[in-house]
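A short write-up of the structure that comes next.
The values are calculated or read from the model by the stated rules, or taken from the named source; none is laboratory data. This is a predicted model, so every value here is computed, not measured. Accessible surface areas use protein heavy atoms only, side chains included; no ligands, DNA or RNA. Shrake-Rupley method; radii C 1.70, N 1.55, O 1.52, S 1.80 Å.
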Amino acid sequence: MKQLDSVEQFAYKFSLSAVSATCAETVTYPLDITKTRLQIQGEQVIRGGSAGGVPYRGMMGTALGIVQEEGFLQLWDGVKPAITRHIIYTGSRMGFYEFLRENVLLKKADGSFPIWKAVLGGLFAGGLAQFIASPADLVKVQMQMEGRRRLEGHPPRVKNMWHAFARIASEGGVRGLWSGWLPNVQRAALVNMGDLATYDSVKHALLRHTSLQDNYVTHAFSRTLLYFGQWLFRISGCYHEYTS
């Protein structure tokens with residue numbers, strides 16, 4: 001019975017994380033595709049290649065360029081693998097973190113969890129979750145560039161998310177699905193080192209200092225603060241692209 005309760009609890013938290021992450025990813029996805037277009041354009045210029053027509057300039061210029069040249073809905077081109085990646089990544093990292101907290105790092109006798117353990121747990125949980133979600137991340141980036149390729153007169157490389165998965169696997173084998181995983185895992189580990197430690201600390205602070213109980217309200221409120229922090233992180237990254 002105890003094992004069943006643990007499974008049900010994991011499923012509940014995974015589902016809540018997945019729904020929250022899906023909403024957050026859908027709202028912020030235009031920032032993601034804008035960032036990717038700017039990064040790839042910069043790489044093309046450095047290599048001496050063509051960036052395709054008039055280069056995008058800054059965050060707003062890139063977003064407006066996508067709308068004018070490709071259509072408003074293209075701001076969400078590639079959102080399906082992005083949501084898939086977020087469901088896998090967000091749900092997994094929370095499960096990994098709680099497993100490490102309860103079974104490996106362990107709480108103190110008074111039930112508190114030291115911040116250094118929370119940081120360490122977030123580091124490992126985030127890196128492992130991103131490694132698992134890396135194939136969806138790779139597909140997302142490929143689909144984000146399809147609209148630009150069509151405007152440049154290139155034939156489409158992929159038709160949809162599943163075709164992209166199959167194409168990568170057929171050309172590079174299963175290992176090809178994890179192409180470029182290392183920098184993404186490093187970034188996710190560092191981000192979660194702060195994110196999960198913040199979420200866990202905020203949740204337990206709410207439980208200690210307010211009348212909130214350990215239920216869906218507290219979890220949802222803590223996750224809202226977490227995703228708001230992630231949104232600010234993305235905004236700061238886009239602002240850096242805009243001002244550089």
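Which of rounded, prolate, oblate describes the range 146-189, given a ≥ b ≥ c as roots of the alpha-carbon gyration tensor eigenvalues and a/c under 1.5 marking rounded, otherwise prolate only if a/b is larger than b/c? Oblate. The listed residues Phe228, Phe131 rank as Phe228, Phe131 when sorted by accessible area, largest first, using a 1.4 Å probe. To the nearest 10, the accessible area of Glu146 is 10 Å² with a 1.4 Å probe.
Over all pairs of different C-alpha atoms, the range 81-182 has a mean inverse distance whose reciprocal, the Kirkwood radius, equals 15.6 Å. Within straight cross-link reach of Lys35, meaning Cα distance under 19 Å, which lysines are found once same-chain residues fewer than 8 apart are removed? Correct list for Lys35: Lys80, Lys140.
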